[in-house]
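Notes for the one structure printed next.
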Amino acid sequence: MQVRNIALLGHKDHGKSTLIGRLLMQTGAATRVRIREAQEYSKRLGRGFEPAFILDSFTEERLNEMTYDTTRAEIKHRGMALAFIDVPGHEELIKNMISGASYGEVAVLLVSAKPDEGIRGQTKRHLFVARMLGIDRLIVAVNKMDTVNYDEERFRAIERGLRRFISAIGFDKRNVAFVPISAYDGENTVKRSARMRWYGGKPLVEMIYESAKKATPKATGMLRIAVQGTLPGGLVAGKIVSGSVRAGEMVAILPKGAAVKVRSITVNGAVVKVGNAGNNVALALAGTLPKEMRGTIISGISSRPIVTDRIRLRVFVTGAFGRAMSVKFNGIDIPCRKVRVLRVIDTTTGALRPGPPRLLDAVEADITLSRKVPVEGYAITPELGRFVLYNKGMFAGIGIIEPG
Amino acid sequence: MARADIQAIVDALWKDQSEGHWKAFVKALPRSGLKYYKVVYPNGKLQRAQDLRKAYAQLYDSKQRPIVKIPISEKKSGAVVGATYYMKGLLTVNKADEWIS
Amino acid sequence: MIEQDLKPLEEKSIYVIREAKLKFKNVAALWSMGKDSTTMLALTRKAFLGKIPFPVIHIDNGIDFPETYAFREWLSKKWNFKVIVGRSEIKPDPMGSACCGRNKPETLKKLLEEYGFDALIVSIRRDEHGIRAKERYMSPRDRDFRWDYKNQPAELWDDYASKLDAKEHMRVHPLLDWNEIDVWRYIKREHIPVNPLYFSRNGFRYRSLGCTHCTVALKSNAKNVDDIIRELRTTRQEERSGRSMDKEHEAAMERLRALGYM
C-alpha cells in the first residue's frame, strides 16, 4: 500500500493532536490498549476524554498539553495509507515543525474557530514554510466549530481571512480547500456532519484522500545521482534523484566535470542494466575519479546542472542569520564566503520589512560559497536546490533556489 | 545414550555448575535423546543473578515427555551467571499447562 | 496494520545504512537475533554487495533462549560477519527489570567506549511503541545515553544530523518507518532466515523476543512466515504484549528510552 505523508500544521492549541487522535479512533487504527490508556490518563487528570492522548505519548506532553516533537501516525482510508505528521505548534519549536513538514506531500492546516483563537501569526508562518518546502496541496480545517455553535458565518470569515495570504505565497487556489470540523466531537472528520448541513463538501478525511491521490510524484527528468561516497571495495554509492542511468553510458562527475564510463550498476544487491529514480545504486565507474566522491553529483554528459559558487537563496531563518554561516548541501558542509541580504519578509504577513533578518523571517540573499557546487532550481530537482544553513554549527535556516 | 548416563551428568551439574560440568553436558546432549526445553522461574522473580539458582530448565525427549531438570546458571570465578547458552540445540516446548514466567 | 510498499522502504533503509557507514568513522550495529535486526542485516548486505562491513553487537545477559544463541552462531557463519558479545549483569534495576532493563545499556556503554564506536545502528520501528513515534533516522545520544527528544537536530530532506561532540554517539534507525507486518512481508520476499522461536509450537509462539525471563509466548498456530502475515492482518493485539517490561507504567519505558534502552 502506498503511503502518503500528510503534514499537519497550525498554531498551538488549535487541535492538531486532538484531530489525529480522533481520526485514529474513527478509522479503527488505534488499538484498544492505546484508547484505554488515553481514557485512563484523561481520568487521572480529571477531565473528559481527550483524543489527543492517544497520540501525545510522552507523559510530559500530556501534562503540559503540548507537542514537543513531531509524531507520526497512520490511518487507512479507501486503500490508501495516510501518515499524519503532527508537528509542534509552538514558535520556539519551529525547528521540529520543519523536520516534520519536510516529509509532507499534502498539508492540512488547522485553524481554531473559537472566538478568541482564529487566525494567528503562527498559522501563516506554518503555511509559508510548507509552501517553501514545496508542498502545493493544502486543506484548511477550521476546527472547534462546536465552540461557535457550528456557525457558517464564522467559518466563512476565517476562509476570507486566509484566502488572500494563501494565494500570495504561491498556492494555486484550485489546490486549496476549506473544511469546517470539530475534532473533539468528531464532526465532519470521517463522516459528514449533521450539524453543519450548510457545508456542501466532503468530510475532512475524504478531502485529504482526494488531495493525496492527485499529488502525483514529479515526472523524472535528467539524470542526477547524489553521491554518498565510495563503498569498501571501490564502488560508488549514491541515490538517483532523477532520470535514469544505463550501463555503458558516459556520465559526468560534478563539480569538476570528469567524464567517466558506467561499467556496471547494482541496485539492492542485484546487477541491472538500468537504474531509475529512487534507486540507491552502487556504480562501477571507469576513468579518473575525484579523490573525494562524497557530495558530488553524477549527471549525463550533455545535460549537466549549472556549476557555480554563487547562489541566490530564499531562506527561512531558524537561528542566527549572519556572515559566518555554512551550508549543508548534498551531505557536505561548505562555508559561505559572502552573504548579502536582498530582502526581508515578515512570514506572518508576507510583507517586506526593513532591517536585518530576525528569527522566523524569510530572507532573500545572494550567497557566495567557498567552492563550486552543481545546483538547480528547487522546483526542478529538489535535491540540487536545497540547502540547510548553519551558523557555528547551529541550525540557522533552510534555503532553496527559486527558479529564474 | 542411556537415561542413567545423562542423569549422572545432570546430577554433577546440580552439585556444581562449573564450566567443566557444563561442557560435559554439551558433549552428551546430541546423543541424549533430549530435544525440548522449558525454562522455569518458580516464583517469577528475578532480581539478582543469585536468583538464577532457583530457576531451572525442564528437558523433554522427542515425544515431549519430561526427562530431567537442569540448572540454567554457571559459576564463573565465584559469580553466578546465566548459562542457557549451553542448551543450544534444544527447542522450546511451550507447554501451556506448566507455563510460568 | 498498514501494509506499506516494500520498495520505497527498502530503498530508504539502504540509503540510511550506507549513510551511517560513509559518514561515521566507526560504526557498529546492534543485533538481538530478532526479526527486525536480522532484517537490518539483510538490508546491510544489499547495501554493501553481500558484505556486512561493520561489527555486530549482541548484549547477552546469559539467559537468552537456546534457539537465539544457535541462530547467532549459525547466521554469523553463514553471512560471515563479526559478532561482539557484551555480557550484561543480572542485578537489581530501579526500572524493575533486572534481566533486560537498565543493565543492558550499561554494558553497551562500556562496549562503545572500549571500541570507540561513534555510530550505532539500532533496528527500532515507529509502530512498536508510542514514544518511538518521535525518533529520527539519526538521533544523537550523550555519554549517558540520554535522549533529548525535545531538542533533536532538525532532520529534513536527506540531511541527517552529523555534528557530534566527542562525547556523543549517533543512533541510526534504518527501519524506523517499517511496520511489523512489512518486516514479515520482506522476510518472505527475500527469504531472510529468522529465529525459529517466532513459529508456533504446541499452540504458542513468540511475537517479540527478549530473554527467557521477560518474554511470554502468545497463543498462536502460525507455523511459518505466511501464517504469521495472515495472523497479523487480523490481530488487534499489540506487538510487545508478550514482553513483561512493557506492561509496567508507560513512564518507566519513557525513562528507559531516555537512558538508552533499545
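The values are calculated or read from the model by the stated rules, or taken from the named source; none is laboratory data. On a predicted model such as this, the values are computed, not experimentally measured, just so you know. Don't worry about glycine lacking a Cβ; one is built from the backbone with ideal geometry, like all the others, and counts go over all protein chains shown.
Filter segment A:219-276 down to the residues that are of a type in the set (A, V, I, L, M, F, W, C), within 14 Å of chain C (Cβ to nearest Cβ) and part of a loop (DSSP other than H, G, I, E, B), then identify the one that is nearest to residue A:334 (Cα to Cα). Spell out how you get there, then give the answer.
Kept after step one, since they are of a type in the set (A, V, I, L, M, F, W, C), are these residues of segment A:219-276: A:219, A:222-223, A:225-227, A:231, A:235-237, A:240-241, A:245, A:247, A:250-254, A:258-260, A:262, A:265, A:267, A:270-272, A:274.
Next, only the ones that are within 14 Å of chain C (Cβ to nearest Cβ) stay: A:225-227, A:231, A:235-237, A:240-241, A:265, A:267, A:270-272.
This time we only want the ones that are part of a loop (DSSP other than H, G, I, E, B), so: A:231, A:235.
On the way: A:231: 23, A:235: 25 Å.
Ranking the qualifying residues of segment A:219-276, first place goes to A:231.
Report whether or not residue A:131 is touching a residue at least 40 places away in the same chain (Cβ under 8 Å) and within 21 Å of residue A:201 (Cβ to Cβ).
Values: touching a residue at least 40 places away in the same chain (Cβ under 8 Å): yes; within 21 Å of residue A:201 (Cβ to Cβ): no.
Spelling it out, it is not the case that residue A:131 is touching a residue at least 40 places away in the same chain (Cβ under 8 Å) and within 21 Å of residue A:201 (Cβ to Cβ).
Have a look at A:255, A:217 and point out the one that is closer than 27 Å to residue A:73 by Cα and either surrounded by 14 or more Cβ atoms within 10 Å (Cβ to Cβ) or modelled with pLDDT under 95 (or both). If you could, list the steps in order and put the result at the bottom.
Working: A:255 fails: closer than 27 Å to residue A:73 by Cα.
Within the list A:255, A:217, the selection yields A:217.
Would you tally the residues in segment C:108-150 being out of contact with any strand residue (DSSP E or B) (no Cβ under 6 Å at 6 or more places or on another chain), assigned to a loop (DSSP other than H, G, I, E, B) and modelled with pLDDT of 80 or more?
The total comes to 6.
Which number in (1) of a type in the set (S, T, N, Q); (2) away from chain B (no Cβ under 11 Å); (3) closer than 24 Å to residue B:85 by Cα marks the one condition that residue C:26 misses?
Every condition holds for residue C:26 apart from (3).
Determine which single condition residue C:55 fails, assuming it passes every other condition in (1) in contact with a strand residue (DSSP E or B) (Cβ under 7 Å, 6 or more places away or on another chain); (2) surrounded by fewer than 22 Cβ atoms within 10 Å (Cβ to Cβ); (3) over 28 Å from residue B:49 (Cβ atoms); (4) not small (Gly, Ala, Ser).
(3) is the only condition that residue C:55 fails.
Within segment B:18-39, identify whether any single residue is surrounded by 14 or more Cβ atoms within 10 Å (Cβ to Cβ), under 13 Å from the mean Cα position of the chain (by Cα) and free of Cβ contacts under 8 Å to residues at least 12 places away in the same chain, and answer yes or no.
Scanning segment B:18-39 turns up no residue that is surrounded by 14 or more Cβ atoms within 10 Å (Cβ to Cβ), under 13 Å from the mean Cα position of the chain (by Cα) and free of Cβ contacts under 8 Å to residues at least 12 places away in the same chain.
Within segment A:241-252, is even one residue closer than 30 Å to residue A:76 by Cβ, in contact (Cβ under 8 Å) with a residue 12 or more places away in the chain and of a type in the set (Asp, Glu)?
Of all residues in segment A:241-252, those closer than 30 Å to residue A:76 by Cβ come to A:241.
Restricting the remaining residues to those that are in contact (Cβ under 8 Å) with a residue 12 or more places away in the chain gives A:241.
Checking the rest, the ones that are also of a type in the set (Asp, Glu) come to none.
No, the conditions are met nowhere in segment A:241-252.
Which condition number does residue A:199 fail, the rest of (1) part of a loop (DSSP other than H, G, I, E, B); (2) away from every other protein chain (no Cβ under 14 Å); (3) surrounded by fewer than 19 Cβ atoms within 10 Å (Cβ to Cβ) being met?
In the conditions (1) part of a loop (DSSP other than H, G, I, E, B); (2) away from every other protein chain (no Cβ under 14 Å); (3) surrounded by fewer than 19 Cβ atoms within 10 Å (Cβ to Cβ), residue A:199 misses (3) alone.
Could you run through segment A:93-117 and say how many residues are surrounded by fewer than 23 Cβ atoms within 10 Å (Cβ to Cβ), more than 13 Å from every other protein chain (Cβ to nearest Cβ) and of a type in the set (A, V, I, L, M)?
Final tally of qualifying residues: 0.
The conditions are (1) modelled with pLDDT of 90 or more; (2) not in a strand (DSSP E or B), and residue B:43 fails exactly one of them. Which is it?
For residue B:43, the failing item is (1).
Quick check: is even one residue across segment A:25-41 among the small types (Gly, Ala, Ser), out of contact with any Asp or Glu (no Cβ under 8 Å at 6 or more places or on another chain) and more than 11 Å from every other protein chain (Cβ to nearest Cβ)?
Initially, segment A:25-41 is screened for residues among the small types (Gly, Ala, Ser), giving A:28-30, A:38.
Next cut, out of contact with any Asp or Glu (no Cβ under 8 Å at 6 or more places or on another chain) only: A:28, A:30.
Those still in the list that are more than 11 Å from every other protein chain (Cβ to nearest Cβ) too: none.
No, every residue in segment A:25-41 fails to be among the small types (Gly, Ala, Ser), out of contact with any Asp or Glu (no Cβ under 8 Å at 6 or more places or on another chain) and more than 11 Å from every other protein chain (Cβ to nearest Cβ).
Restricting attention to segment C:75-103, which residues are modelled with pLDDT of 85 or more, within 13 Å of chain B (Cβ to nearest Cβ) and surrounded by 21 or more Cβ atoms within 10 Å (Cβ to Cβ)?
Hits for segment C:75-103 are C:88, C:90.
If I ask for residues that are within 21 Å of residue A:170 (Cβ to Cβ) and free of Cβ contacts under 8 Å to residues at least 24 places away in the same chain, which ones from segment A:337-361 would you list?
Correct list: A:343, A:344, A:345, A:346, A:351, A:352, A:353.
Quick test for you: out of B:62, B:73, B:77, B:18, pick the one residue that is hydroxyl-bearing (Ser, Thr, Tyr) and more than 14 Å from every other protein chain (Cβ to nearest Cβ).
Working: B:62 fails: more than 14 Å from every other protein chain (Cβ to nearest Cβ); B:73 fails: more than 14 Å from every other protein chain (Cβ to nearest Cβ); B:77 fails: more than 14 Å from every other protein chain (Cβ to nearest Cβ).
Only one candidate qualifies: B:18.
When you look at residue A:378, is it within 13 Å of chain C (Cβ to nearest Cβ) and assigned to a loop (DSSP other than H, G, I, E, B), yes or no?
Working: within 13 Å of chain C (Cβ to nearest Cβ): yes; assigned to a loop (DSSP other than H, G, I, E, B): yes.
It is true that residue A:378 is within 13 Å of chain C (Cβ to nearest Cβ) and assigned to a loop (DSSP other than H, G, I, E, B).
Of all residues in segment C:42-60, how many are within 13 Å of chain A (Cβ to nearest Cβ) and either within 24 Å of residue C:103 (Cβ to Cβ) or not β-branched (Val, Ile, Thr) (or both)?
Just the residues of segment C:42-60 that are within 13 Å of chain A (Cβ to nearest Cβ), to begin with: C:42-54.
Filter again for either within 24 Å of residue C:103 (Cβ to Cβ) or not β-branched (Val, Ile, Thr) (or both), leaving C:42-43, C:45-51, C:53-54.
So the count comes out to 11.
Of the residues that sit in segment A:298-318 and are outside any strand (DSSP E or B) and within 26 Å of residue A:366 (Cα to Cα), which one is nearest to the chain's Cα centre (by Cα)? Lay out the reasoning, then the answer.
Let us first name the residues in segment A:298-318 that are outside any strand (DSSP E or B), namely A:301-305, A:318.
If we keep only those that are within 26 Å of residue A:366 (Cα to Cα) as well, we get A:303-305, A:318.
Working: A:303: 28, A:304: 27, A:305: 24, A:318: 15 Å.
Per the stated criteria, the residue is A:318.
Please work out which one of (1) surrounded by fewer than 19 Cβ atoms within 10 Å (Cβ to Cβ); (2) part of a strand (DSSP E or B); (3) within 12 Å of chain C (Cβ to nearest Cβ) is the condition residue B:57 fails and give its number.
(1)
Every residue in segment A:4-19 that is of a type in the set (Val, Ile, Thr) and either more than 23 Å from residue A:81 (Cβ to Cβ) or not in a strand (DSSP E or B) (or both), please.
Correct list: A:18 only.
Among the numbered criteria (1) within 25 Å of residue A:391 (Cα to Cα); (2) in a loop (DSSP other than H, G, I, E, B); (3) within 23 Å of the chain's Cα centre (by Cα); (4) not assigned by TED's automatic domain parsing to the domain that holds residue A:240, which single criterion is violated by residue A:295?
The one condition residue A:295 does not meet is (4).
For segment A:185-196, give me the residue count where each residue is in a loop (DSSP other than H, G, I, E, B), closer than 12 Å to residue A:144 by Cα and in contact with a Pro (Cβ under 9 Å, 6 or more places away or on another chain). Please lay out each step first, then the result.
As a first pass, look at segment A:185-196 and keep what is in a loop (DSSP other than H, G, I, E, B): A:185-186, A:188-196.
Subsequent filtering for residues that are closer than 12 Å to residue A:144 by Cα retains A:185-186, A:188-189.
Among the residues that remain, those that are also in contact with a Pro (Cβ under 9 Å, 6 or more places away or on another chain) are: A:186, A:188-189.
Residues in segment A:185-196 being in a loop (DSSP other than H, G, I, E, B), closer than 12 Å to residue A:144 by Cα and in contact with a Pro (Cβ under 9 Å, 6 or more places away or on another chain): 3 in total.
I'd like to check something: does segment C:196-218 contain any residue that is over 27 Å from residue B:89 (Cα atoms), in contact with a helix residue (DSSP H, G or I) (Cβ under 7 Å, 6 or more places away or on another chain) and either away from chain B (no Cβ under 11 Å) or modelled with pLDDT of 90 or more (or both)?
Checking segment C:196-218: not a single residue is over 27 Å from residue B:89 (Cα atoms), in contact with a helix residue (DSSP H, G or I) (Cβ under 7 Å, 6 or more places away or on another chain) and either away from chain B (no Cβ under 11 Å) or modelled with pLDDT of 90 or more (or both).
Can you tell me how many residues within segment C:219-251 are in contact with a helix residue (DSSP H, G or I) (Cβ under 8 Å, 6 or more places away or on another chain) and modelled with pLDDT of 90 or more?
Adding up the residues that qualify gives 9.
If residue A:357 passes every condition in (1) on the phi < 0 side of the Ramachandran plot; (2) within 14 Å of chain C (Cβ to nearest Cβ) but one, which one does it miss?
The number of the failed condition is (2).
Scan C:67, C:89, C:73 and give me the residue that is touching a Leu at 6+ places or on another chain (Cβ under 8 Å), assigned by TED's automatic domain parsing to the domain that holds residue C:173 and among the acidic types (Asp, Glu). Quick ask: steps written out before the conclusion?
Values: C:89 fails: touching a Leu at 6+ places or on another chain (Cβ under 8 Å); C:73 fails: touching a Leu at 6+ places or on another chain (Cβ under 8 Å).
On inspection, the qualifying residue turns out to be C:67.
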